[in-house]
Amino acid sequence: METIQTIARHHGPRGEVILRRRLRDERPVEELIINGAFAMDSSETSTEILLGKLAVPRDRAGRVLVGGLGLGYTVAAISCKNVDIIDVVEIEHCLIDWAYRGLTATLAAAASDPRIRLHAADIRLVLAGLCEGLYGPWDAIVLDVDNGPDFLIHDQNSALYTDACLRAAYGLLTETGTLAIWCQRPVPRVRALLERIAPSAREHVVEVPRGRRTFRYAIYTLSRQQEASARMCP
């Protein structure tokens, strides 16, 4: 038998944000619903861990930019590494508030880590250089905002997956930086866009069992480090 507990609820200009906890067989699962869409839960976070590894492959970075706080698992994966500053940009102000209130252990950890800076802003404006006080370059840029361009949390986020926005993100990387993007499934259009930007574009497909189903998630990366290494080879 499963019971659902609503931890917090917020009605904002982009719709309703609900943080809840599902209890099944005494195992709690935190769940985030945004604008009526399932955003994520805590039952399976292996791809968030992989996203952090791919974004910071050398376990050392000066500055990292993360688009999307969510339940905090991507940020947690990055914070396990030797990173000086993690700028987290979240458009839903309530999620940052819930982090400072410590409504879940993972959100509380993000709010209490002195390396992590939580910014209530639109990641699209940050990438466009229009967010005052928040400018690159970064050693890694992670876009974990939606379930991908085929399943948007907010319709306006479609602009994130355009040539102009992805090129802007790539331009904000340091000479050895990495751009990493999480999607709920392989998206050929995103892969093609990234391949036009740089030859280091890679698609990492991960099969994850959830209950009786298996999902194929995808993480896309661009690496300036790989391109620099390729240029040095004779």
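Within segment 145-175, the set of residues being at pLDDT below 95 and in contact with a Phe, Trp or Tyr (Cβ under 7 Å, 6 or more places away or on another chain) comprises PRO149 only.
Among the candidates ALA61, ALA37, the residue that is within 19 Å of the chain's Cα centre (by Cα) and at pLDDT below 90 is uniquely ALA37.
Residue pairs whose Cβ atoms lie under 6 Å apart, sitting 6 or more positions apart in sequence or on different chains, and linking a residue in segment 46-68 that is on the phi > 0 side of the Ramachandran plot to a partner that is hydrophobic (A, V, I, L, M, F, W, C), are GLY68/VAL145.
Being among the aromatic types (Phe, Trp, Tyr), on the phi < 0 side of the Ramachandran plot and surrounded by fewer than 15 Cβ atoms within 10 Å (Cβ to Cβ) is a property that TYR170 lacks. Touching a Cys at 6+ places or on another chain (Cβ under 9 Å), surrounded by fewer than 18 Cβ atoms within 10 Å (Cβ to Cβ) and either assigned to a strand (DSSP E or B) or among the aliphatic types (A, V, I, L, M) (or both), is that true of ILE4? No, not satisfied.
Counting only helices (runs of 4 or more DSSP H) that fall entirely inside segment 134-234 and contain at least 2 residues that are closer than 18 Å to PRO57 by Cα and among the charged types (D, E, K, R), the qualifying elements are 224-232.
The values are calculated or read from the model by the stated rules, or taken from the named source; none is laboratory data. As the structure is a prediction and not an experimental result, all values here were calculated from the model. Cβ coordinates were reconstructed from backbone atoms using ideal geometry, including for glycine residues, and neighbour counts include every protein chain displayed.
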